[in-house]
Every structure is written in structure tokens, then in C-alpha cells.
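The values are calculated or read from the model by the stated rules, or taken from the named source; none is laboratory data. All values reported here derive from a predicted model rather than from experimental measurement. Cβ placement follows ideal geometry from the backbone for every residue including glycine, while neighbour counts extend to all protein chains displayed.
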Amino acid sequence: MANQLLKLIGIRIRELRKERGLSQEQLGEKAGFHFSYIGGIERAEKNISILNLAKIASALGVHIGEIFVYIQSGHDVNTDKEAELEEILQILLGQDIKGLRKAKTILKELYE
């Protein structure tokens with residue numbers, strides 16, 4: 001599972017980098033890393049930290065969550081279900097703690 005996750009993240013970073021026309025060296029410079037580190041991530045040889053992932057996402061000009069939107073076999077894995085969850089998440093992010101607790105109570109009543 002962990003190796004598969006590293007592979008998916010590496011593939012996604014490579015896709016985003018290439019979409020932006022960046023070399024590994026250019027991405028490394030923008031993110032503050034050596035190009036060999038970027039290559040290691042893309043080849044799933046490096047277990048990247050969250051902080052370094054955030055730096056790479058920033059250098060790519062994307063939200064860190066975009067790194068976790070995997071594309072396999074030409075089909076976006078971001079299904080209708082995931083799109084619905086994203087929309088719900090955006091609504092919840094706009095709430096204060098009281099609103100979040102209220103939403104949690106409602107969801108528990110509906111689905112437990």
C-alpha cells in the first residue's frame with residue numbers, strides 16, 4: 001500500500017510538472033530541492049514529507065490536494081462521489097466550530 005501511494009504521488013507530480021513545461025531541475029529550483037530529489041520522488045524512491053510535498057505543490061502552483069488526484073489509464077479517479085465529497089468539504093470549511101459540530105450531529109443522526 002505504501003509503495004503504491006508513493007508511486008501514485010510520483011506519477012502525479014511528474015504529470016503536473018510536465019503540464020507546466022518544467023524540467024526536474026526547474027521544479028527543484030522553484031521548490032528549493034536538488035533535481036535528483038525530485039527524480040527520486042517521481043520514481044517512488046523517496047518517502048516525501050508533508051512539508052516537502054507542500055513546497056512542491058506550491059512550486060507547481062497547485063493546492064496540495066491536487067497531488068492526491070490520481071489519473072490512471074487515462075481516466076480521472078476523481079469520481080462523482082469524490083466530487084460530491086469535495087463540495088461538502090468546501091461547505092464545511094466555511095463553518096465555524098459550532099457549525100461543524102452541528103453538521104457532525106446531523107450526519108450521525110442520518111447515517112448511524
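Computed values, structure above
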{"read-out": "Condition broken by residue 101, with the remaining ones in (1) outside any helix (DSSP H, G or I); (2) modelled with pLDDT of 90 or more satisfied", "value": "(1)"}
{"read-out": "Wholly within the range 1-66, helices (runs of 4 or more DSSP H) carrying at least 2 residues that are β-branched (Val, Ile, Thr) and surrounded by 14 or more Cβ atoms within 10 Å (Cβ to Cβ)", "value": "2-19, 35-42"}
